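The structure under discussion appears below in the form of structure tokens.
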Amino acid sequence: MRLPGRAAAFLLAAAAVLGWPLTAAAVEVGEPAPPITGPRADGSSFALSELSGDIVYVDFWASWCAPCRAAMPRLDELHASLGARGFSVVGVNVDRKRRSAERMLEQVPVDFPVVFDPEGQWAERYALPGMPSGYLIDGDGVVRYRHTGYREGDLPKLANEIEKLLEENQP
């Protein structure tokens, strides 16, 4: 049921005043990717906007997530092999304790940028449906492909989607 503008505004205001949780809808294919900014593993600052014009796969992961651990080396391979063509992977860690993420990165090192989200603000903005969750973003900042979970057989589909976008992105 769709509420008229005033009723919807009233309910939103009441929810805010009463502290009711408002659940965000998951970011869908065709929508602009919400911005991501934050500290990198090396201490420098990162903004998703730095990669404007590139094809970017944003991978939300956690140290306690076994599929995340399996996916990261494969994503790092894609990052390395397609980087010269304008593709990047960005890992967004959602662990509350940064040290947990750092221990995993010691065991499973990656060359792509890793950003920390201990408060879960970006995970909330993207309304993650599960872990890991990945969003393939085109050069204009629009989500073109979304994937949840990881199995070894998922990689060819992702690589195919990346290739399509890289071809579209060529001058």
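Every number here is computed from the coordinates shown, using simple stated rules; none is lab data. None of these values were measured; they are calculated from a predicted model. Positions of Cβ are backbone-derived with ideal geometry, glycine not excepted, and every protein chain shown enters the neighbour counts.
Points to keep in mind about this one:
- Reported count of residues in segment 145-164, each being within 16 Å of the chain's Cα centre (by Cα), within 17 Å of PRO129 (Cβ to Cβ) and either crowded, with 17+ Cβ neighbours inside 10 Å or in contact (Cβ under 8 Å) with a residue 24 or more places away in the chain (or both), is 6.
- Residue identified as in contact with a Leu (Cβ under 8 Å, 6 or more places away or on another chain), closer than 16 Å to VAL58 by Cβ and hydrophobic (A, V, I, L, M, F, W, C) among VAL115, VAL110: VAL110
- ILE162 fulfils the conditions (1) assigned to a helix (DSSP H, G or I); (2) over 19 Å from SER49 (Cα atoms) except for a single criterion, (2).
- Just one of the listed residues (VAL114, VAL94, VAL142, VAL110) is buried (at least 17 other Cβ atoms within 10 Å of the Cβ) and under 21 Å from GLU31 (Cβ atoms), namely VAL94.
- Screening ALA123 against (1) under 15 Å from ASP59 (Cβ atoms); (2) buried (at least 19 other Cβ atoms within 10 Å of the Cβ) leaves a single unmet condition, (2).
- The lone exception for VAL89 - which of (1) within 11 Å of the chain's Cα centre (by Cα); (2) under 15 Å from GLY149 (Cα atoms) it fails: (2)
- Hey, ALA62 within 23 Å of ARG151 (Cα to Cα), in contact with a helix residue (DSSP H, G or I) (Cβ under 8 Å, 6 or more places away or on another chain) and either touching a residue at least 12 places away in the same chain (Cβ under 8 Å) or surrounded by 20 or more Cβ atoms within 10 Å (Cβ to Cβ) (or both) or not: yes
- Index of the failed condition, GLY86 passing every other in (1) within 17 Å of GLU163 (Cα to Cα); (2) touching a residue at least 60 places away in the same chain (Cβ under 8 Å); (3) loosely packed, with under 15 Cβ neighbours inside 10 Å: (3)
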